Each structure stands twice: as C-alpha cells, then as structure tokens.
Amino acid sequence: MTNEHQDLALSPHTGWTRQDWLDTADRMLAAVRPHATPGNSLIHLPGPPSRSGRLSDGLEGYARTFLLAAFRTGGANLDDPRSAELLAPYAEGLAAGTDPDHPYAWPRPSEVPQARVEAASVAIGLHETRALLWDRLPADVQERTVDWLSELADAWVPENNWVWFRGCVAAFLRSVGAPHQAGDIAYAIHETDGWYAGGGWYADGAHQRGQFRNFDYYNAWAMHLYPLWYCRISGADAEPGLLDRYRARLRTFLEDAQHLVATDGGPLFQGRSLTYRFAAAAPFWTGALFDASPLPPGRTRRAVSGLLSHFVDRGATEEDGILSLGWHRRFEPIRQMYSGPASPYWASKGLAGLMLPADHPVWTATEEPLPVESGDFTRAMAAPGWLVTGTTADGIVRVANHGTDHTPPGRPGRDDPFYARYAYTTHTGPELGTTPPPGGRRDDHQRDGDSRLGSSLDGQVTVLDAAGVPAHRSPFQRLALTDTFALSRHRAHWPDDRAADEAADRDDWRRGPWLTTASVPRGPWEVRLVRVSQPQGDHPVSVGGHALADDTAPAGDDGGVLRRADGLTSAVLPLHPADGEVTVHRSEGTNAFGRHSATPAYRGAGPLHAVAVFLGRTGPDGGLPPAPSVSFPTADTVTVHWPDGARTTVPLTD
C-alpha cells in the first residue's frame, strides 16, 4: 500500500499517522459495500461458506464490518462529516435484518449459535455509535433489535470467550432500559476469574477449572477486550472493583505482549483464528482506551502501526480491498471449521484506537522502539509456558513452547499444528495439511485445527514409526520453565485414522516411548535436548527445524541449511550424536508464508540427543554464525556451551 501521509519524524519506524489509519478503515468499509444484499442487512463476501451456512456468514459480514464502522465513527469521530454517511447502510441493515418478514432477515440467535457471536459486535457497535445511530432509529426498529438481541438471554454458549457475547449483549440491553439476563453477566464474570492464569494471561476456557492449556491471541482480542468493554457499556452499573481488576490484568499482559511483535510488525504465528491478523493490535489499543497500559504512548503506536502495516503492505487486502481468508495473502489451509468469508473482519478490533482523539498522546508522541529493536532478550512467560527470545539483528521473535497444547490432559490427543509445536516465530509458520470432512467419531474436529491430513516434521521433537510417521505430543507435561531453559515430558503416540469406528478409541492408540525434552535458546540458536525413556524400542528420534517458506523454493540441500533470497535462514546441526542424519523436507501450498516451503530435520538413534536449531539472517554465502556445543557433566545433566563463553546446564530428568 502507498503510504500517502508518511511522517518519518513522528513515526520513524513505520511512517504511519492517524490519517493513514482513517484511510485504511475507509477503504476497508468501501470495499465490502458492493457485496451487501438489498437492504444492507447481509454482506456476502467471496469464498466458501463456513459450517454455519451462507445466511450466518452474511450476518458475520454485517456485524464485523459494523464493528469497524463503529470504531471509525464513534468516540472522537462523532463530529466527522463522514460518520453519518458511513453508518447509514448499517442503520438500514439493522432495520432489515431484525425484520423477520424481510427477504434478507438475519438468522435468529436462538437458532444459530454463530449469531450469538455476531450479536456482541452489534451490541458494541450500537453502544459506540449511540448518538449517531441508535438514538435516531425508529421505535419499531429499536424494539425489533431488542427482541433479536434478547434471544441471547440464557442461550447455550461454550465455556470459553463466548460467555462474554452474552455478557456484553446483556449490558447493552440494560443500558437502553430493556429486560436483560443478569445471570449471564454473573456467569461471565465468575468463569473469567476461573480462567485467569496469572501474569496477565487468561486460558480461553479449561477442560476443568484450573487446567490452563489454552493460550493464544484470544488473550488479546477476546479475553481482555470483552470484559473491559462490558464495563464501558455498563458504566455505573458495572460491579464494584471490576473495571480496576480487568485494567490491572491487561496492564500486566501488555508487558509480555510487546515482546511478541517483530521488527517488521509481524505477530507470533500461533493459535487459532490467525486470519484475524491485525486484531493482535486490539490489546494495545484497549490499554490506551482504558488507561490500562504500561507502555509509553509512542511504543503503543509503534506496535499497532507495525501490526496493521505488516498485513496491509503484504497483500491482505489485495483482492479488491477485501480482507481475504489467509495470512499475508489468501491461504485456504488456515481456514478452521467455523471460518467463513467475512471471518477475517474480526481484525476490525485492531482499529479500535480510531476512537481516540487526534491530540491523544498515542497519536502525537514520537514512535519508540519495540523490545526486539532495543536489544536481544530472553523472557519467560510463565502462564503459557513459553520461553521467548528476540534478536535485534534480524528482528525475529521466537517462542519455545512447553506450556500450551490446547488439549485436555489425561488422554492422548492429536497434535494441533497451531498449538503443539515446540517452536513458533513471527517469521515462520507450521506446515498445515488439509482438514478432512467430519467423520462419525466423537474426537473428529473436537478442537480447532486438529485432525489434519498428512504429517510434517517442522517444529517437532518426536519419534518415528517403521513407516517414518512422526508420533504426536499432545498432551504434554510441563516440568520446568526458567530464564534460560524450558523442560517438558510426553508419551509418544500415533492416532488411529481408520474410518469412523466407535471402537477406535483414543485409549487404544499406539503408544511409543516417553520423551523428556528441553529447549535452551540463546540469540538465533535453540538447542533441543531429548532423552528417550522406556519403552525405548527402536524408534528413531526426529528433530524438525523451522519451516522456511517463500514464493520461490528456498535454496539448500541435505546439508540442513536452507536460505531464502532475503537471507532468512533455517538450519539444524547435530551436536550429539554428531553422526545424526540431516535431511530437507519440501512441500508446496502448505505454508502461510509462501507457496514453497522446506524444513531441515535431524534423525538419529539412541537414548540421548542434542540438536542445534537456527533461525536468523545470513549473508549471501549462507554461512551460519558460530554454533553452540554440548557436554555431559553427569548422566542426568547436559551443559550447553555458547560461542561467547556462556554456559547453560539443564537437568534432563523426569
């Protein structure tokens, strides 16, 4: 995208100004208008339907772009002459959508669960544009809107962030003097407190109370946003102390979140619904809107402008201005079972800061560098079990994952590529197979993104069966997380992928050995340690590096060093045993970062393994920087020796 208002004095890192944000919002809103139905109640964007069907997807198109319109016209923009013009089709759509006799009426929340999600966007949008839209609606349209929203009262929702869709709708109904379900509010508050894992992090639901295994960007764009917006809608009716409690948690979370943004503005590629893209900016804006941020205003704008420009500049809206379902560009394998053509527009949350006035410090302060731009760092994030490293030389943020797998503990599960990999970064993503049609077994599609066809070795530490198929890791047990290493343990297993058969139960899946594994990161290197315990058998160990992807095939051979044209390099180097085999696995159309992808992988035999995994930028010759080495002071400890003379000793025990 051409940056028409570039100001490198005010924004030395991104060049973006508030006007660039306004222009981006206006272009996004204009692009969807040709896809609206007569009466503007539904917006049918191009693409395959979600499991909820075309009618629900059309409501999603209305609700999620209405949220964007509300942020663009609410708050400080109420007097903008464009605001009434931008909201006019949404006012018309509200009248048509809530009229059960209209040919393009909305699906009812009592009948279609996805409508309960979209109702929250409608409620927030109505609250933020109350003076321009709600207060000007005819009485009969207000009544029909109340009736439609009221169907959420005590309606079933999953025990996760969905509880706040009911809570926010109940708050809006209360704010306009309509009947509401107070129990929905109390339930959302109670459950949210049960999912708080400390350090500013929420688990998005839990198999059982206190089992924190579901960590991803829902911490940012749902679990922090909706509780605070509930307080905003409720005003004086909010429960005493609730606003302060949620503000304090967000303030703590942002201390971590700022470390998960790369120099190029890319967020971490981890978790479900990644097609929401720059929704990752939502917690930073929410912190500014609610005075709940520990960050200097200039760093907040540096983060959010980096996130938005990262995707806009890389083709996210290149399809006639519409947000495609994908990452940088359209990428269908990122789709999840609930994804529809308009799903990406939850990215609208990433533009909430437009409600701040032009003279707010976030808009007027000079951009300040992100943590990854200020120096190399290693940061342990206790709640998700992540050991995070950032390197200034290449601007990459990497996560060693020993805490979240999105799998209930106690029974073997399929590895979800969005959660169960050993490593995630801002510059690489896991290889994604296709999702098979739902079968008759109960465990098909029970979690987002699992049960994908095909197998890959990227980002894994596992064992292989006789056919070379990698074992799965989920669920795993966190053993330790320190400032220098992370340690976990799991039982290798192979899911049974036979045709639908109730007898093919998870407890009957093939089991392999126990693996105790450690990640020891420093700079662009991560040393992965593996101890294979009984029953060891003759399973070879595989350690997969980062999947490197581009529009052209990354250069490299079976030496284990792969390099893109821009210098981004992925490599694995055997440390013990030194004679381990290194191969390269190539694929096409399976990676969100480019059509062609390649993964270096180690394979070796024996009970103890150490492999150095590299991700960083190299020169034209592709030569790696000096690598670490290992020694074994005792039978149960490994010492990693770093090129600068530092040492890290890891107790590789159960």
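Each reported figure results from applying straightforward, stated rules to the coordinates on display, with no laboratory input. Small disclaimer: the values here were computed from a predicted structure and weren't measured. Ideal geometry is used to build each Cβ from the backbone, glycine not excepted, and the neighbour counts take in all protein chains shown.
What do you get for Rg/Rh of the stretch 351-435 when both radii come from the Cα atoms and Rh is the Kirkwood radius?
Details: Rg = 17.8 Å, Rh = 16.0 Å.
Computed over Cα atoms, the ratio is 1.12.
Taken along its principal axes, the alpha carbon cloud of the chain reaches lengths of 77, 63, 47 Å, longest axis first. Cβ-Cβ distance of Asp23 and Asp320, R₀ of 25 Å, FRET efficiency by 1/(1 + (r/R0)^6): the value works out to about 0.90. Could you work out the longest stretch of the chain that avoids the trypsin sites (Lys or Arg not before Pro) located in DSSP loops with at most 14 other Cβ atoms within 10 Å? Result, exposed sites excluded: 210-441.
Reducing the stretch 534-573 and the stretch 283-327 to their Cα centroids gives an inter-centroid distance of 31 Å. Would you mind pulling out the separation of the Cα centroids of the stretch 580-599 and the stretch 377-392, in Å? If we compute the Cα centre of each part, the gap is 26 Å. Placing +1 at every Lys and Arg Cβ and -1 at every Asp and Glu Cβ, with all other atoms neutral, what dipole size does the chain have around its Cα centre, in debye to the nearest 20? Approximately 920 debye in magnitude. Each stretch of four or more DSSP H residues adds -39500 (n - 2.57); spread over every residue of the chain, this sum gives -8000 deg cm²/dmol at 222 nm.
Sequence-distant contacts, meaning Cα pairs under 8 Å at least 6 residues apart, place the relative contact order of the chain at 10 percent. What translational diffusion coefficient, in µm²/s and rounded to a whole number, does the Stokes-Einstein relation yield for the stretch 1-131 at 20 °C and a viscosity of 1.002 mPa s, taking the hydrodynamic radius as the Kirkwood radius over Cα pairs? In µm²/s, the coefficient rounds to 135. Which angle from 0 to 90°, rounded to the nearest 10, does the C-alpha axis of helix 113-128 make with the longest principal axis of the chain? Helix 113-128 sits at roughly 60 degrees to that axis.
Count charges around Arg64 for me, please; just the other residues with Cβ under 12 Å from its Cβ, Lys/Arg as +1, Asp/Glu as -1.
Details: positive: Lys349; negative: Asp57, Glu60, Glu118.
Result for the local shell: -2.
Which angle from 0 to 90°, rounded to the nearest 10, does the C-alpha axis of helix 18-32 make with the longest principal axis of the chain? So the inclination is approximately 80 degrees.
Subtracting the Cα-Cα distance from 0.36 nm times the residue separation, let me have the gained length for Ala84 to Glu255 in nm, one decimal. Provide the component values of the computation, followed by the final result.
Numbers: separation 171, 0.36 × 171 = 61.56 nm, distance 3.77 nm.
Full extension from Ala84 to Glu255 adds 57.8 nm.
Per 0.36 nm of contour for each residue apart, how much would the distance between Val469 and Arg511 grow if the chain were fully extended, relative to their Cα-Cα spacing? Provide the component values of the computation, followed by the final result.
On the way: separation 42, 0.36 × 42 = 15.12 nm, distance 1.30 nm.
In short, 13.8 nm is gained.
Local charge for Thr192 was computed over the other residues whose Cβ lies under 15 Å away, with Lys and Arg +1 and Asp and Glu -1, and equals -2. Nearest 10 degrees, 0 to 90: what angle lies between the long axis of helix 297-312 and the longest principal axis of the chain (Cα atoms)? Helix 297-312 sits roughly 80 degrees off the main axis of the chain. Computed across the stretch 270-335, the Kirkwood radius stands at 12.8 Å (inverse of mean 1/r, all Cα pairs). For the stretch 29-93, a simple Cβ point-charge model (Lys and Arg +1, Asp and Glu -1, everything else neutral) yields a dipole of about 240 debye relative to the Cα centre. With 0.36 nm allotted per residue and the present C-alpha distance subtracted, the Asp359-Arg108 stretch has 86.2 nm of extension available.
Of all the stretches in the chain, which is the longest one without any exposed loop site, taking GluC sites (Glu not before Pro) in a DSSP loop (any state but H, G, I, E, B) with at most 11 other Cβ atoms within 10 Å? Present the calculation step by step, with values, prior to reporting the outcome.
Working: sites that count: Glu4, Glu111, Glu502.
In short, 112-501.
Each of Ser234, Trp221, Ala248 was placed along the dipole of the stretch 196-249 (beta-carbon charges, centred on the mean Cα), and the one lying farthest toward the positive end is Ala248. Here the dipole of the stretch 1-144 is about 360 debye; that uses its Cα centre as origin and unit charges on the Cβ of Lys and Arg (positive) and Asp and Glu (negative). Cα extents for the stretch 128-285 along the principal axes, largest to smallest and rounded to whole angstrom: 50, 36, 28. Just add up the charged neighbours of Ala553: K/R +1, D/E -1, any other residue whose Cβ is under 12 Å from the Cβ of Ala553. Charge balance near Ala553 sits at 0. Which residue, chosen from Ala553, Leu55, Val141, occupies the Cα position most advanced towards the positive end of the dipole of the chain, where the dipole is computed from +1 (Lys, Arg) and -1 (Asp, Glu) charges on Cβ about the Cα centre? The residue sitting farthest along the positive end of the dipole is Ala553. With R₀ set to 30 Å, the beta-carbon distance separating Arg209 from Ala393 gives a calculated FRET efficiency near 0.10.
Label zone of Thr484 (point 7 Å out along Cα→Cβ, amide N under 11 Å): in the stretch 617-640 this covers 639-640.
For the stretch 252-376, list log₁₀ I(q)/I(0) at each q in 0.18, 0.20, 0.21 Å⁻¹, using the Debye formula over Cα point scatterers of equal strength and ignoring solvent, two decimals each. So the normalised log intensities work out to -0.94, -1.11, -1.19. Taking the three principal axes of the alpha carbon atoms in the stretch 18-373, the coordinate ranges are 56, 44, 42 Å, sorted in descending order. Considering only Ala471, Leu268, Pro607, the residue lying farthest towards the positive end of the dipole of the chain is Pro607, judged by Cα position with unit charges set on Cβ. Modelled this way, with points 7 Å down the Cα-to-C-beta line, the labels at Thr639 and Arg411 are 4.6 nm from one another.
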